Amino acid sequence: MRLVRRYVVLSIIVAGLFLITKLLTSGHITGSPQSQAISRDVIADKPPTRVFLWAVPRSVSTTFLISLSQSPDVQAWFEPYLFASKMEQFRLSGESIPLQWSLKITLASLSITNGYNIRDISFTWVKQQLENYNGDKNVIVKDMVKGIAGKFNHIPNGYAHTFLIRHPLRVFVSYKQKHNTEGSVNKGLKLTEYSSDWIPSGYFFKEMYDLVHHIQDDLKLKVIIIDSDELLDNPEEMIKAYCKETGLTYRDAMLNWKPNNDIWWKWMLPKETSLKWWWRSVYYGNNPTHKTSFSQSGFGEKMDLPDDVDDDVMELAQTSMKYYNELYQQRLRVNSLSDSK
């Protein structure tokens, strides 16, 4: 066992030296000007906008964040509460972070400038960071509703709240396809057999429904809901409407961008995640974690509703429809779009 551990440690050290060498040449190492966020076009009489984009899985939320990140006056955060919930599981269970992951975290903290050490993250830390931001960029925080479920007291003040929904059948068909792959812990399982680490008790839609009503009823704030299929049907009009509602500055670059452009280096996310995504993009020629989003040069086409679906997919979709339908009725509409369900 000791020999195996030594081999693992030695292998990671060697890989780490290789990665640092590659990062030095790619401009993403500590101190590199390319790793710094682009300066904002300062608008003197307009205070920075602060917006949450809450989403269910498989709702093109990463693509939407890539789109909004094309504006140089945006500081984007990627799923901080979801990362916080994962780290809380370790703290509550008393388990140690696995050795290989710990070494990768250390390597990333030594080599990556932008982002944060995942060991530091907690629900309290995220709230403090978001509330105490005093920069002049607009802040967009993209997160999954699963990450904040049961933790509404950690929602920061001073933010607008927007939501991205998608028809439940499309969500669960896509979710099962993504996770029913070789190497996945869910390979061969029905969705109803997934653990709560992967699918919460409310199947995501109940969690979003509860969050929307908390924002509306308890915080007395307006919510803005976007249906992802309507976003895909007409991205220009929907993004213009979204920017108008939130106070963001619309730019044509939000419709088309260079694929595989390593946009995540400008996002706030764990340094270890940035390093992992970069390595996978080098090794695979793309980021397999969000392959479609990062390989596209714009918004793709929406998925057709399938004629035949597995029973487990249908069960989760049918249970979720009542929540989806209520949220859908509150969605942001543009004149050229009618009901697209």
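In this structure, is Trp198 at pLDDT below 95 and open to solvent by 60 Å² or more (accessible area, probe 1.4 Å)? The answer is yes for Trp198. Scanning region 225-280 for residues that are of a type in the set (Gly, Ala, Ser) and open to solvent by less than 10 Å² (accessible area, probe 1.4 Å), we see that the one that is farthest from Asp120 (Cα to Cα) is Ser228. Pairs are defined by a Cβ separation below 6 Å, a sequence spacing of at least 6 or placement on different chains, a first member in region 126-139 that is closer than 16 Å to Tyr81 by Cβ, and a second member that is open to solvent by 20 Å² or more (accessible area, probe 1.4 Å) and part of a strand (DSSP E or B); the pairs so defined are Val139/Arg50; Val139/Gln75. Exactly one residue out of Ile239, Ile140 is aliphatic (A, V, I, L, M) and not in a helix (DSSP H, G or I), and it is Ile140.
Restricted to region 137-182, and to residues there that are surrounded by fewer than 22 Cβ atoms within 10 Å (Cβ to Cβ) and polar (S, T, N, Q), the residue that is modelled with the lowest pLDDT is Thr181. Pairs are defined by a Cβ separation below 8 Å, a sequence spacing of at least 6 or placement on different chains, a first member in region 53-74 that is under 18 Å from Tyr323 (Cα atoms) and open to solvent by less than 10 Å² (accessible area, probe 1.4 Å), and a second member that is assigned to a loop (DSSP other than H, G, I, E, B) and hydrophobic (A, V, I, L, M, F, W, C); the pairs so defined are Val56/Phe204.
Sort out which residues of region 299-317 are open to solvent by 70 Å² or more (accessible area, probe 1.4 Å) and touching a Leu at 6+ places or on another chain (Cβ under 9 Å), and write them in order of number. Outline the logic, then answer.
Residues of region 299-317 open to solvent by 70 Å² or more (accessible area, probe 1.4 Å): 301, 304, 307-308, 310-311, 315.
Scanning region 299-317 gives Glu301, Asp310, Glu315.
The values are calculated or read from the model by the stated rules, or taken from the named source; none is laboratory data. Just so you know, these numbers come straight off a predicted model, no measurement behind them. Cβ coordinates were reconstructed from backbone atoms using ideal geometry, including for glycine residues, and neighbour counts include every protein chain displayed. Accessible surface is based on the protein model in full, side chains and every heavy atom, while ligands, DNA and RNA are left aside. Shrake-Rupley method; radii C 1.70, N 1.55, O 1.52, S 1.80 Å.
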